[in-house]
Structures are given as C-alpha cells and as structure tokens.
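This report concerns only the one structure given below.
Nothing in this text is a laboratory measurement; each read-out follows from the coordinates by a stated rule. Given the structure is predicted, the values throughout are model-derived calculations rather than measurements. As a convention, Cβ positions derive from the backbone with ideal geometry for all residues, glycine included, and neighbour counts pool all protein chains shown.
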Amino acid sequence: MATILSSDPQISKQLHHILLEVTTAQDLSLHPFVQRFAKGEFSQDAIRQFAMKMLPGSNRFNMAFLKVASKMDSYYARTIMLENAFTEHGQLKPDLAHVALFMRFMKGIDCPKIDVNANDGAFLIPALRFKKFEFCDDEPIVRSLGRFAAIEQVLPAIFTKYIEGLRKIFKGIDDHTIEYFHIHCHLDPEHTDELIQVTQLYIKSEKDIELFRDGVQDMVKSIADMFSWMDENLEKEALA
C-alpha cells in the first residue's frame, strides 16, 4: 500500500531521473541495429524475420503486465495498471489490440507466418531473453515496474527509427499498416508516467529505489543484447 515516501513529489522526480539517466547512458535508438534499420539497410525478408520473432514477445508483454498488476494490493495501483492495459488491448476492441495491430503490420509486409505462439528463440537464445517477459512471483514489484518503465521510455525513439526504415524498405507502405509503431510513439510517454505513479506507491526505502534502477538497467541491457543478435543474424536467417 501507499507509504509516507510515496507521497513525496521528490520520489517521482527521482524515479524519472533514474529512468532518464539509465536510458540516456545507453541510448538504444543509437544502437547499430536501429541505425541500420532507420537507413533501410535490411532486406525485406530480414524485416519479415524480425516481425516473426517479435510477435510472440508482444503477446507475452501483455500477459506479463497483467500478471504483475494482479500482484498489487493497492486498488489504486491496479486501476492505473488496468487503464494502461486497456489501451494496450485496443480499448477492448480486439482488432485494435496492439498484438492485432502488429499482426496487421505482418500481413501488410507479407510475412509467411503469423503465429503468436511461434518459437521465437527467446527461451533458447540468451541474447533474446528480452522477449521472454518472465516475471517471477517473488520478484519485487518495484523491480518489475522498473523493467516495464524502461520499455515504455525507450520505444518511442526506437519506433520512430523503425518507421523511417520501413518507408525505405517497403516503398509505399501506409500508416494503416504501421499503426502499431505510430500508436506506441503516441501512448508510451503517458504509459511511462503512469508506471512512475504506480511505482511511487510501492517505494518504502532507498532499497526500493535501487530495485527500480536495477529493473531499468536489466531491461535496457536485454534489449541491447537482442538488437546485437538481430544485427548479426537477421539477414542470415532470411537466407536460410
């Protein structure tokens, strides 16, 4: 439940500062993979491989988010988390759920396989662990929230680069096809603020703040590792 520290506006500022500090120190939008993507240097088949690998993780993200929300004893925190999940699920319109939007993107670029349960390598290849979205029952809530906040913080800049690249790789691709990326650029800053708001309710000590930092750092590193793997292997898989 909410504690004395959680009502301190300085806690919110501190959490935002940690998030910005960590994600700026390792700016994922500058990763070589993202830069190559933005320049349109990947083949169409490589991007199809990318999409097929990302879909299962997109689905797991939503499942993990709801799992963490279900652990919260604060009804106020759950309400904020469910509002976030409400938008992730297309305001309860199945065709507008973000997983469905990603599948629309995949269909638009002619992916040969669209399967949310496909083997994406996340549980076999350590560098792809980001897409597992495993949140153990005993993981402190503040650490889980740090991991989610990191994702919401970095995606707009990354997805802006993806949009640039997709327009080069798939000439004439329309906004309807890539709505998944546009909508994250629009919603994720608000989602970040909501996650900070929830985190405040569970900050009881400096140890909790450090757990939040650890969660942010862990997620940023796992995304960077995934990008490095994709930078090296996407074209190889496209040719296989």
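Charged side chains reduced to their Cβ positions (Lys and Arg at +1, Asp and Glu at -1) give the chain a dipole of some 440 debye around its Cα centre.
Per DSSP H run of at least 4 residues, take -39500 (n - 2.57); add these up for the chain, divide by its residues and hand me the 222 nm value, nearest 500 deg cm²/dmol. When only DSSP H runs of four or more count, the value is -23500 deg cm²/dmol. Of the trypsin sites (Lys or Arg not before Pro) found in the range 144-237, the ones in coil according to DSSP and having at most 15 other Cβ atoms within 10 Å of their Cβ are Lys171, Lys204. More than 29 angstrom separation, counting every C-alpha pair in the chain; what % is that? So the portion of pairs separated by more than 29 Å is 27 percent. Per-residue Cβ neighbour counts within 10 Å put Asp115, Asp231, Asp138 in the sequence Asp138, Asp115, Asp231, beginning with the fewest.
Please state, as a whole number in µm²/s, the translational diffusion coefficient that the Stokes-Einstein equation yields for the range 145-239 at 37 °C and 0.692 mPa s, with Rh defined as the Kirkwood radius across alpha carbon pairs. Value of D from the Cα-based Kirkwood radius: 215 µm²/s.
Taking the centroid of alpha carbons for each part, the range 121-151 and the range 156-201 are 20 Å apart. The phi torsions of the range 222-235, fed into the Karplus equation with coefficients 6.51, -1.76 and 1.60 and a -60° offset, translate into couplings of 5, 5, 4, 5, 5, 4, 5, 5, 5, 4, 8, 10, 4, 5 Hz, rounded to whole numbers, with Gly and Pro shown as x. Counting only the Cα atoms, the range 12-105 fills a convex hull of 129 Å³ per residue. As a proxy for reagent exposure, ranking Val216, Val116, Val99 by other Cβ atoms within 10 Å from fewest up yields Val116, Val99, Val216. Shown in residue order for the range 99-112 are the 3J(HN,Hα) couplings computed by the Karplus curve 6.51 cos²θ - 1.76 cosθ + 1.60 at θ = phi - 60°: 5, 5, 5, 5, 5, 4, 4, 4, 5, x, 9, 6, 5, x Hz (x for Gly and Pro). What is the list of residues in the range 140-173 whose amide nitrogen lies under 15 Å from a point 7 angstrom out from the Cα of Leu30, following Cα to Cβ? Hits in the range 140-173 for Leu30 at 15 Å: 157-158.
Estimated at 0.36 nm per residue, the fully extended path between Glu235 and Glu134 surpasses their Cα-Cα distance by 33.6 nm.
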